[in-house]
Amino acid sequence: MSNSQLTPGIVPARLPAASYEANFADHTPPLDRHEAQVAADRCYFCHDAPCMTACPTSIDIPLFIRQIATGTPDAAAKTILSQNIMGGMCARVCPTETLCEEVCVREVAEGKPVEIGRLQRFATDTLMAKGLHPFTRAAATGKRVAVVGAGPAGLACAHRLAMKGHEVTVFERRPKAGGLNEYGIATYKSTHDFAAREVDWLLKIGGITLKTGVTLGKDIALADLLADYDAVFLGIGLAGVNALRAAGEDLPGVENAVDFIAGLRQAADRSGVAVGRDVVVIGGGMTAVDAAVQSKLLGAENVTIVYRRGKEKMSASGYEQEHATQTGVRIIYGAAPVKVTGGARAEAVEFAYTQDSPEGLKLLGEGFTLKADQVFKAIGQTLAGVPEGLTVAAGKLPKRAGDKLWCGGDCALGGEDLTVAAVAEGRDAAEEIHAALTGAAG
């Protein structure tokens with residue numbers, strides 16, 4: 001007998017087979033050519049456009065939208081990709097509602113921005129569908145650079161360096177390149193193996209050797225890389241996960257949300273992914289929302305996000321919070337976990353209400369208990385696997401860590417933990433490395 005939403009415990013196949021394809025279809029379908037033309041016509045093509053300032057990669061947004069409006073989406077794609085080589089993925093996962101679209105003049109005046117993200121996807125998808133790569137390599141410099149980490153920062157760094165004529169070797173600990181794009185994004189945001197296809201397309205620049213299944217500190221040593229290469233870039237991300245610091249968090253059924261998301265993304269058959277009947281997600285960021293929404297899409301009957309502070313302090317955007325609630329996820333604000341209870345497995349989570357104060361967050365004397373056969377921890381990731389000798393400040397690495405060593409992306413100080421910010425940091429580090437290796441101005 002097949003399982004259902006009412007089956008107790010953590011089990012697979014809670015839904016009819018056909019439901020999985022529908023539930024995990026593209027959350028925001030792409031624009032067709034006519035829709036893109038209509039959307040582009042809404043742009044005022046502002047001088048000193050606020051949307052450009054809000055974009056971490058400083059894409060010339062009015063220019064690429066004008067290029068779409070005039071029927072040249074390939075040119076629009078090159079405008080985008082010259083600043084953000086992973087513009088296709090960023091168009092899918094970037095929180096445009098809190099970046100470029102939030103400051104769009106149309107949004108301020110009318111409450112409906114130009115659909116910058118969807119237009120960006122239209123342009124980049126159009127070009128990539130043709131198998132075209134709009135950039136060519138410069139003459140070989142004879143310089144060799146090692147990039148550790150094939151996430152957005154590492155790949156952006158590698159591409160820019162290769163384009164400048166350097167030979168780049170990228171080392172990645174996981175079986176596939178892509179980092180969070182491959183392993184950490186909600187499946188319905190990046191469908192049909194787009195992350196892998198984008199990596200393959202990016203590598204068409206040439207001059208990049210990708211080595212997967214290689215772990216820094218185990219298979220390769222930083223000292224050896226510094227000795228063997230002219231420069232090294234670390235884009236190792238945040239491999240650790242914060243603990244709940246609540247009793248019972250080691251009980252079976254308590255999992256890291258990032259591992260759940262990664263497993264779902266790599267599953268050949270989503271009906272085979274087990275999920276609880278009563279799921280509780282603890283955290284307030286995008287990982288929490290992605291884990292909760294996808295639990296619901298897999299057939300969990302009750303899914304609740306519990307965040308320790310108020311709605312306005314939740315790092316997941318208002319748009320994402322609304323998407324979660326529209327999917328059937330309940331969000332409880334102002335509560336923190338005290339204890340996970342159960343016998344052989346997790347059965348419930350006890351929470352205490354919280355209050356912000358000048359001294360920090362305080363637990364109040366009152367609380368509540370939520371039934372839970374599956375609990376996801378989504379309270380932030382931490383730096384792990386740092387090579388000996390590197391200075392860690394505020395849980396991050398400095399962007400310039402030595403004469404031949406640069407760092408960027410989520411593992412580095414400064415910036416936001418966003419794909420688009422990681423791309424910008426990898427790109428900018430590549431420009432600095434190129435200048436250091438050649439004496440060029442950039």
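The values are calculated or read from the model by the stated rules, or taken from the named source; none is laboratory data. What you are looking at is a predicted structure, and each value in this text was computed from that prediction instead of being measured. Note: ideal-geometry Cβ built from the backbone for every residue, glycine included; neighbour counts use all protein chains shown. Accessible surface areas use protein heavy atoms only, side chains included; no ligands, DNA or RNA. Shrake-Rupley method; radii C 1.70, N 1.55, O 1.52, S 1.80 Å.
Details
- Within segment 205-229, residues that are more than 30 Å from GLY131 (Cβ to Cβ) and in contact (Cβ under 8 Å) with a residue 24 or more places away in the chain reach partners that are open to solvent by less than 30 Å² (accessible area, probe 1.4 Å) and in a helix (DSSP H, G or I) with beta carbons closer than 7 Å, at six or more positions or on different chains, in the pairs LEU216/LEU222.
- Beta carbons closer than 6 Å, at least 6 apart along the sequence or on distinct chains, pair a first residue in segment 327-348 that is closer than 21 Å to GLU312 by Cβ and of a type outside the set (Val, Ile, Thr) with a second that is open to solvent by 30 Å² or more (accessible area, probe 1.4 Å) and in a helix (DSSP H, G or I) for TYR333/LYS311.
- In the set GLY328, GLY343, GLY334, only one residue is at positive phi and out of contact with any Phe, Trp or Tyr (no Cβ under 9 Å at 6 or more places or on another chain); that residue is GLY328.
- Selection status of GLU416, in a strand (DSSP E or B), out of contact with any His (no Cβ under 9 Å at 6 or more places or on another chain) and within 30 Å of VAL293 (Cβ to Cβ): no
- Residues satisfying the stated conditions in segment 272-287, i.e. open to solvent by less than 30 Å² (accessible area, probe 1.4 Å) and either closer than 21 Å to LEU15 by Cβ or in a loop (DSSP other than H, G, I, E, B) (or both): VAL273, VAL275, GLY276, ASP278, VAL279, VAL280, VAL281, GLY283, GLY284, GLY285
- Those helices (runs of 4 or more DSSP H) lying entirely in segment 52-142 with at least 3 residues within 19 Å of the chain's Cα centre (by Cα): 87-93, 116-129
- Residue in segment 64-76 that is open to solvent by less than 50 Å² (accessible area, probe 1.4 Å), modelled with pLDDT of 95 or more, under 25 Å from TYR319 (Cα atoms) and among the β-branched types (Val, Ile, Thr) present: yes
- The residues of segment 186-202 that are in a helix (DSSP H, G or I) and either open to solvent by less than 10 Å² (accessible area, probe 1.4 Å) or in contact (Cβ under 8 Å) with a residue 24 or more places away in the chain (or both), listed by number, are PHE194, ALA195, ARG197, GLU198, VAL199, TRP201, LEU202.
- Taking segment 380-407 as the range and being within 17 Å of the chain's Cα centre (by Cα), more than 19 Å from ILE185 (Cβ to Cβ) and not hydroxyl-bearing (Ser, Thr, Tyr) as the test, only LEU383 passes.
- Evaluation of PHE122 against (1) open to solvent by less than 60 Å² (accessible area, probe 1.4 Å); (2) over 15 Å from PHE194 (Cα atoms) (one fails), failing number: (2)
- Test: residue in segment 288-299 that is open to solvent by 10 Å² or more (accessible area, probe 1.4 Å) and either of a type in the set (S, T, N, Q) or in a strand (DSSP E or B) (or both): no
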